[in-house]
Amino acid sequence: MKHNLLPFLAIVAACFTAATADAQSFGASKPGNRADHWEAYAGGRYIFSETVDFKGGSTIDSDDDLGFAFGMGYNIDDHWLVGGELNWSNVDYKGVLKSASSPGATSKLSGEYETFALSANLTYHFIDGPLTPYVSANLGYTWVDSNIADGPPQTGCWWDPWWGYICDTWVDTKSAESLSYGLGAGVRWEFSRGGFLRASYNQRWLDFDEASGTPNFGGVFLDIGSKF
């Protein structure tokens, strides 16, 4: 495990303090009255380690790591919430690659991959009061950048309107993208003037063509936000 929960909880505590202050300016209705209100939130994602098997025998073991998310939604009534979310994470991993040309030959690799996901979310709150359990489902698309070089370095030059003539060198990296979907369950607590805090466990599946089966990643999500 690369990280422990202390940095994650510190981030959430800072967000909680800021959001509690910001919520004073929204003037939203009393806690628990969600119907016909928009809401926005930011949160931390503690993603658990996972092993992903690929066709041909290669494997990748990801570490526990942190991610971040921003989202917005509309409360149709006191129970149903529809919305969207952007989330990002940067994950350390180690892997074993099997050669396609030399049977039995393997090589080890390690590094960091970045993920960026966009999803539509549907949430059901069981109670119309300020403290309620809830379940959620999401459907979206996920992009993964392995940060592994996919070709030789390239150099290009251009005229920048501010800095003049500029040249730079870059390396294209291997990337993948896929449909993603997930389920979650958690608890939401609303405090004064529209602010809320929620904690949940979530599982997300990625439909990668190159993987053996459907990789899935679990994690604990903590969000802080406000109705308006």
Practice problem: Could you run the Karplus curve 6.51 cos²θ - 1.76 cosθ + 1.60 with θ = phi - 60° over the stretch 105-121 and give me ³J(HN,Hα) per residue in whole Hz, x for Gly and Pro? | Solution: 7, 9, 9, 9, 9, 8, x, 10, 10, 10, 10, 9, 10, 10, 9, 9, 10
Quiz item: Given only helices, namely DSSP H runs of n ≥ 4 each adding -39500 (n - 2.57), what is the per-residue ellipticity at 222 nm of the chain, to the nearest 500 deg cm²/dmol?
Solution: -3000 deg cm²/dmol
Self-check item: Gain in span if fully extended, Leu118 to Ala185, counting 0.36 nm per residue against the direct Cα distance
Solution: 22.2 nm
Quiz prompt | From phi via Karplus (6.51, -1.76, 1.60), per-residue ³J(HN,Hα) for the stretch 198-213 in Hz, x at Gly/Pro | solution = 9, 10, 7, 9, 9, 10, 10, 10, 10, 9, 7, 5, 6, 7, 8, x
Quiz prompt | Neighbour cut-off at most 14 other Cβ (10 Å), DSSP loop, trypsin sites (Lys or Arg not before Pro), the stretch 36-132 | solution = Lys55
Quiz item: About the Cα centre of the chain, what is the dipole size in debye to 20, counting +1 per Lys and Arg Cβ and -1 per Asp and Glu Cβ, all else neutral?
Solution: 520
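Rule-based calculations on the coordinates, nothing more; no lab input. These numbers come from a predicted model, not from an experiment. Quick reminder, even Gly has a Cβ in these numbers, built from the backbone with ideal geometry, and neighbours come from all protein chains shown.
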